[in-house]
1. Which value, in debye to the nearest 20, gives the size of the charge dipole of the protein assembly as shown about its Cα centre, when Lys and Arg are +1 and Asp and Glu are -1 at the Cβ?
2. Convert each backbone phi in the stretch B:179-187 into a coupling constant with the Karplus relation 6.51 cos²θ - 1.76 cosθ + 1.60 (shift: θ = phi - 60°), then list the ³J(HN,Hα) values in order as whole Hz, x for Gly and Pro.
3. What is the local net charge at A:LEU29, summed over the other residues whose Cβ is closer than 13 Å to its Cβ (Lys, Arg +1; Asp, Glu -1)?
4. Among B:GLU91, B:GLU36, which comes first, then next, by fewest other beta-carbon atoms within 10 Å?
5. Counting other beta carbons within 10 Å of each residue's own, what order do B:LEU10, A:LEU31 fall into, fewest first?
6. Would you kindly work out, in nm and rounded to one decimal, the distances from the label point of A:ALA46 to those of the same position in each other copy, ordered shortest first, with label points 7 Å along Cα-to-Cβ?
7. Can you classify the protein assembly as shown as rounded, prolate or oblate using the Cα gyration tensor, where a ≥ b ≥ c are the square roots of its eigenvalues, rounded means a/c under 1.5, and otherwise it's prolate if a/b beats b/c and oblate if not?
8. Between A:ALA25, B:PHE54, B:ALA26, whose Cα lies farthest towards the positive end of the dipole of the protein assembly as shown when Lys and Arg beta carbons carry +1 and Asp and Glu beta carbons carry -1, centred on the Cα centre?
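FYI, it's all coordinate maths here, none of it is from the lab. Nothing here was measured: the structure is a model prediction, and the numbers come from that model. Cβ placement follows ideal geometry from the backbone for every residue including glycine, while neighbour counts extend to all protein chains displayed.
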2 protein chains.
Amino acid sequence: MTAEKALTGLRERKKAQTRAALASAAMRLALERGVENVTADAIAEAADVSPRTFRNYFSGKEEAIVAELVDGMGYIADGLRARPTGEPLWESLRHALTFSAFLPPEQLEQLAVKVRMVMASRALLGSQLAIFERLGEQLTEIIAERTGTDARTDLYPRLTGVVAANALRLTVFMWLESKGESDLAELTADALARLRAGLPEP
Amino acid sequence: MTAEKALTGLRERKKAQTRAALASAAMRLALERGVENVTADAIAEAADVSPRTFRNYFSGKEEAIVAELVDGMGYIADGLRARPTGEPLWESLRHALTFSAFLPPEQLEQLAVKVRMVMASRALLGSQLAIFERLGEQLTEIIAERTGTDARTDLYPRLTGVVAANALRLTVFMWLESKGESDLAELTADALARLRAGLPEP
DNA sequence: GGGAAAAGATGCCGGGACGGCAAACTTTTC
DNA sequence: GAAAAGTTTGCCGTCCCGGCATCTTTTCCC
């Protein structure tokens, strides 16, 4: 249950391909023309499928546009899963959430362009929040597993997961606001440190 | 700039009335028929305005359905504003966010019915998240004011506001999941206490 | 008090979104 | 290799959404 799914069989592979093509086309068109000027039909055409098929994959253009970023969140979750079990949880979270420190600058800039577009679009606010909500759920699951707590009944893993995901969301937001004058990984690490310290008044 | 707006003039009053009528009708219909079976036109009809007018007030049925709850969040912000300035911030937050402890049980149950519907609806997920996002922004503003920090550049007030709002969201969610077997105010207070303590592993 | 001017409400309309259904295909299964 | 299972696509009805023009109501100001 990571970012990748088992791709057994031709059918599965084709579906994944189609989905990826649609998501990619949606993101590209949104960047080129602006979210408002993208239609579901245009995305379908760009991905060489019928408009009707588009609707079999995504419930709307918004979902398609952010699909790549949603999948990207999976890598953060994978990063947390990959941390050694003995490591203190806060350390693991810091490592996983400051992934940007290990990204080639060019790739980070590429990501920034997309995230900026999503975070700036009023129409995508719901989707944007949903992305991080999902990240929170994934973190919750991993945290519950690592700490031997129950995500269904225990406040701890859920609160920690939600708070960590939102800390990242906030620092990404502030990073974009600063227009490159701040370091995302540093900002995120700062936020996590403050959380670990109990959010003392400055 | 509280939950209430100055209602000078007949025009303002009528607008507020129309808006309230639409929001109320939207919520009622959503509860009666389920979110999926409510159309913008039906809401307009129930509120005795033209469908076109409905769209002048709300961008879609989702926004109308949650409008009452959005406004309700304003009262929580007002509650925080009303706390004495000398009080430690965590104390103030606890008081403001555990408002449910001071609500008549009947009124709390009435609220629960609405919140349950909103939180259970897939179609309202985005709106639901946006409600709490807005609460986070309001808390941020108040926290910045109280602590003399700058919400534009300082991580502290924003992080605290966002985290507090999401703590409430999570505890409301868990409270609804428990089907009345837990106390919302206690749950929320517990979450805030954990945050203040730096989210230690249990 | 009365007649603009400003702000709202409404109707009309066209481009899109959404999803059920059935027919045509493709991959899997045996 | 056929039947079974799963996908793609077209068709279509319903609803969403917002611009524009018009008619009404409220406000403003002499």
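1. 900
2. With coefficients 6.51, -1.76 and 1.60, one gets 6, x, 8, 10, 9, 4, 4, 5, 4 Hz.
3. Charge balance in the 13 Å sphere: -2.
4. B:GLU36, B:GLU91
5. Least to most surrounded, the residues fall as B:LEU10, A:LEU31.
6. Label-point distances to the other copies, shortest first: 3.8 nm.
7. Oblate.
8. Going by the Cα projections, it comes out as B:PHE54.
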